[in-house]
Protein chains: 2
Amino acid sequence: MAAQEAAVRAQAEAVRRLKQDKADPDEIAKEVAKLLEMKAQLGGDEGKPKFVLKTPKGTRDYGPKQMAIRERVFSAIISCFKRHGAEVIDTPVFELKETLTGKYGEDSKLIYDLKDQGGELLSLRYDLTVPFARYLAMNKITNIKRYHIAKVYRRDNPAMTRGRYREFYQCDFDIAGQFDPMIPDAECLKIVHEILSDLQLGDFVVKVNDRRILDGMFAVCGVPDSKFRTICSSVDKLDKVPWEEVRSEMVGEKGLSPEAADRIGEYVQLHGGLDLIERLLQDPKLSQNKLAKEGLGDMKLLFEYLTLFGITGKISFDLSLARGLDYYTGVIFEAVLLQQENEHVEELVGVGSVAGGGRYDGLVGMFDPKGRKVPCVGVSIGIERIFSILEQRLEASEEKIRTTETQVLVASAQKKLLEERLKLISELWDAGIKAEMLYKKNPKLLNQLQYCEDTGIPLVAIVGEQELKDGVVKLRIVATREEVNIRRESLVEEIRTRTSQP
Amino acid sequence: MAAQEAAVRAQAEAVRRLKQDKADPDEIAKEVAKLLEMKAQLGGDEGKPKFVLKTPKGTRDYGPKQMAIRERVFSAIISCFKRHGAEVIDTPVFELKETLTGKYGEDSKLIYDLKDQGGELLSLRYDLTVPFARYLAMNKITNIKRYHIAKVYRRDNPAMTRGRYREFYQCDFDIAGQFDPMIPDAECLKIVHEILSDLQLGDFVVKVNDRRILDGMFAVCGVPDSKFRTICSSVDKLDKVPWEEVRSEMVGEKGLSPEAADRIGEYVQLHGGLDLIERLLQDPKLSQNKLAKEGLGDMKLLFEYLTLFGITGKISFDLSLARGLDYYTGVIFEAVLLQQENEHVEELVGVGSVAGGGRYDGLVGMFDPKGRKVPCVGVSIGIERIFSILEQRLEASEEKIRTTETQVLVASAQKKLLEERLKLISELWDAGIKAEMLYKKNPKLLNQLQYCEDTGIPLVAIVGEQELKDGVVKLRIVATREEVNIRRESLVEEIRTRTSQP
């Protein structure tokens, strides 16, 4: 109501003013029409503005500070991927809808479709793995080690304080090709270990399992073939809900016999290292199952390679790890942060999965017209949770983070020196110096110095009448307030020296 | 037909084999069912596979080589933006549909909408400018200098060989805030000049105009107020079609009087520098128009600043420049490549706009509930055309481009040394060396050396029985085939020295 009244008052006032100014009636009519439109836009009786100023549900903007953190994390991850010899590729943000169909099992309902505006039916990518497989099949590539960092989209229930978004980054590293067993798989785990250690996120563990061990286990426990996938996605919930709940889902919702569920229950509580693998290789039931035996044999080989890498301390063979996605065929893994060093942060962020991946030997074949397979194994770093942790840690620490790299502010102490500032800053830019100036004709020196304090610019190059006559520039060091006259021709070198990283 | 026949033949053959093997009838029935399904998938009489393996219309993948070029270009552009003290932000790939409504004039029909799957109505971003304005209004920011590099989406007619895509990158730099006239505007033009010079794309010119000059010109030529925008978008076509065609669109389709069109025709053929600005400031009609006079006054100031920057040689005040988007309010500009140095390339790539921008003082106010304005000026680099040019130039030159940064391949000359290779490569990774190995248990030395040749890896670290006993590694320099024994504890340092960039 208040808004409507205000609009009407404004209208009356406008008409009054127009009359006083002896404007012609056409003008008045136009003005009135404009005001009526404005009133309509105000949205009638509710008085609410009709426009909602927000980002879509489950998404967010990154401001300069968040971007500074994001770039630090990316830089650590990209260094690691490059250290392992990866190339980089990129694919479109959307794919033909049919490219994504039948790849994600129960999660398919979370895919964002585009509106049919004539032409092809499109969907936003749900991960980077399926587009990668499509890329390999389309270009007949049988051999590549690549990384891909890009946003993916899931119409999930967002939980933004814990870093769960509808638009989020994935950082994927994959090795495609026919190789000797478990060598690329071991490298993927080494990469997870390197990145999580490098980012100093606190203690972590990487759970490892194998789809073949799971399938073998389901078979010897008496799960019918047709129920493997759905029982698998029940097991996948064990990191969030207790066994009793998962068991009742299996028996109640999914119609599994209580005996089969109980047999599963015994296995999925097991976790360990080489010793557990050896024990299961002797397990009277599992060792009789071809798939389980293959999986356990490869798991043993994997642990031998991880021992050579010196990282078994943080790897746990865990029979409860299932991972929901349909396309995995062999080794699967997931890295979990164990706890935050800072208790305040722990409460806000929660503890969860920060990386995951596995082997998917059949996915590329689903795209190849002749079904030719390209074995693949890969890892995806879940960057958003890592951002959340680092952001909240930074906030707690009150560390000041710079959001620009500016080396010097070009300033003046007197008026009427805009031209001189423009000339000097242009010289600096052309020499590759990162330089700023205030966009004012006659800024106060104090304001210019304050700007440096606020943004962390370490140097000020001050031009003045006297300096111009003497062919020098006064260079002020913000931290110490020291000022030195530098000959103009030496200024670039002086700035470089004083701002070079040690 | 051929495919169908093949399937039937395969089926008969399978049945025959099964009979010979004395398989049971159930097995045979299963096999037949499988073959029938296969036949159905072959798609009946047409024999086409039912699955189309492609990226959506107007989009493309970037392979490792394209990415290497892309990263070079980004790196040049980001350096420039940082040199000018910009912060960086990011926004979601989609916005609420209403955020984009009414911002793009006639181009709005090119916006990609998402399907209504329950919840908010969303559209893919059409540029980075409107999301930037939404970001400023939402966060009540009145003062920022930022860049943003991201993909935008337009349902346009793609012309991919000329770098026109439906998904493409924009690299935007914008300055928001209330400042003294034309100082930030001049910096935007300096940035365009720096980037295009730096990328060595050949000769270019930056056309500059002002929406106020255009509007003033339309007014003095007798264009009715209501036709300003539509006549403006006709003028915008002058870089692609001759004046006669534009004139007939104005008169025929848009109902402008022939006299008004002819008067416009006289103005839009003018281009020049400070001299032209001075002449138009004396123009008996234009100088009487308030808007045109303001625009011309600011244009004069702009050229004075550009003179101080030393870049007027490549800037042309051009009255035919209009730019289609609705939101511009002052200075507008567009950079055009004049010709390619290489004639072969010119034919393929064409010549076109590679950067554009302008002042938009009203856009943020459209998002603010109280209409508070934040004046903005910015530039957008059209990276896809630049990629096309550089890609085709690279292909023509046959220059070999590396797609990884690997410093050393860990190899072995004898069999059974996988464990030793894994141990050594792990040491190198942990020391920050970029290292690869072949994922084979017993690769041939020749294959390992060939891999280095193919991918440009400069060094090979060879482990062998004798080297292990002696505590050394044989380091081979790929280019010279020289081999030296290096003590294991000195290997990291030796690799660093030999691969450090000069």
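The values are calculated or read from the model by the stated rules, or taken from the named source; none is laboratory data. Since the structure is predicted, the reported quantities are computational estimates derived from the model, not experimental observations. Here the Cβ is made from the backbone with ideal geometry for all residues, glycine too, and neighbour counts use every protein chain on show. Surface accessibility is based on the protein's heavy atoms, side chains included, excluding ligands, DNA and RNA. Shrake-Rupley method; radii C 1.70, N 1.55, O 1.52, S 1.80 Å.
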| Search result, residues across region A:472-502 that are assigned to a helix (DSSP H, G or I) and open to solvent by less than 40 Å² (accessible area, probe 1.4 Å) | A:Leu491, A:Val492, A:Ile495, A:Thr499
| field | Per-region count, region A:149-164, residues of a type outside the set (S, T, N, Q), more than 10 Å from every other protein chain (Cβ to nearest Cβ) and either crowded, with 22+ Cβ neighbours inside 10 Å or in contact with a strand residue (DSSP E or B) (Cβ under 9 Å, 6 or more places away or on another chain) (or both) | value | 6
| query | Counting residues that are crowded, with 19+ Cβ neighbours inside 10 Å and at the interface with chain B (Cβ under 10 Å from one of its Cβ atoms), which helices (runs of 4 or more DSSP H) fully inside region A:389-471 reach at least 3? | reply | A:418-430
| request: Select the helices (runs of 4 or more DSSP H) contained entirely in region A:193-280, then report the ones holding at least 1 residues which are farther than 24 Å from A:Asp107 by Cα. | output: A:211-221, A:258-268
| request: Answer yes or no: is there a residue in region A:165-186 that is assigned by the TED database to the domain that holds A:Ile78, open to solvent by 20 Å² or more (accessible area, probe 1.4 Å), within 20 Å of the chain's Cα centre (by Cα) and among the charged types (D, E, K, R). | output: yes
| query | Can you find even one residue in region A:290-311 that is more than 14 Å from every other protein chain (Cβ to nearest Cβ) and at positive phi? | reply | no
| Do we have B:Ser234 as open to solvent by 40 Å² or more (accessible area, probe 1.4 Å) and of a type in the set (S, T, N, Q) here? | no
| field | region B:303-322: number of residues that are part of a helix (DSSP H, G or I), open to solvent by 20 Å² or more (accessible area, probe 1.4 Å) and either more than 18 Å from B:Ile213 (Cβ to Cβ) or hydroxyl-bearing (Ser, Thr, Tyr) (or both) | value | 5
| For region B:64-148, which helices (runs of 4 or more DSSP H) that fit wholly inside it have 1 or more residues that are at the interface with chain A (Cβ under 10 Å from one of its Cβ atoms), closer than 30 Å to B:Arg393 by Cβ and open to solvent by less than 40 Å² (accessible area, probe 1.4 Å)? | B:64-83
| Across region A:165-192, what is the total count of residues that are in a helix (DSSP H, G or I) and either modelled with pLDDT under 95 or facing another protein chain (nearest Cβ under 10 Å) (or both)? | 7
| request: May I ask you to list pairs of residues, at least six apart or on different chains, whose Cβ atoms are under 8 Å apart, with the first in region A:261-290 being more than 26 Å from A:Ser248 (Cβ to Cβ) and in contact (Cβ under 8 Å) with a residue 12 or more places away in the chain and the second being open to solvent by less than 60 Å² (accessible area, probe 1.4 Å) and of a type in the set (Ser, Thr, Tyr)? | output: A:Gly272/A:Ser316; A:Gly273/A:Thr312; A:Gly273/A:Ser316; A:Leu274/A:Thr312; A:Leu280/A:Ser287; A:Leu281/A:Ser287
| field | Check on B:Lys48, more than 13 Å from the chain's Cα centre (by Cα), open to solvent by 40 Å² or more (accessible area, probe 1.4 Å) and at pLDDT 95 or above | value | no
| note | Of the candidates A:Asp239, A:Asp210, the one satisfying the condition of being open to solvent by 60 Å² or more (accessible area, probe 1.4 Å) and in contact with a strand residue (DSSP E or B) (Cβ under 8 Å, 6 or more places away or on another chain) is A:Asp239
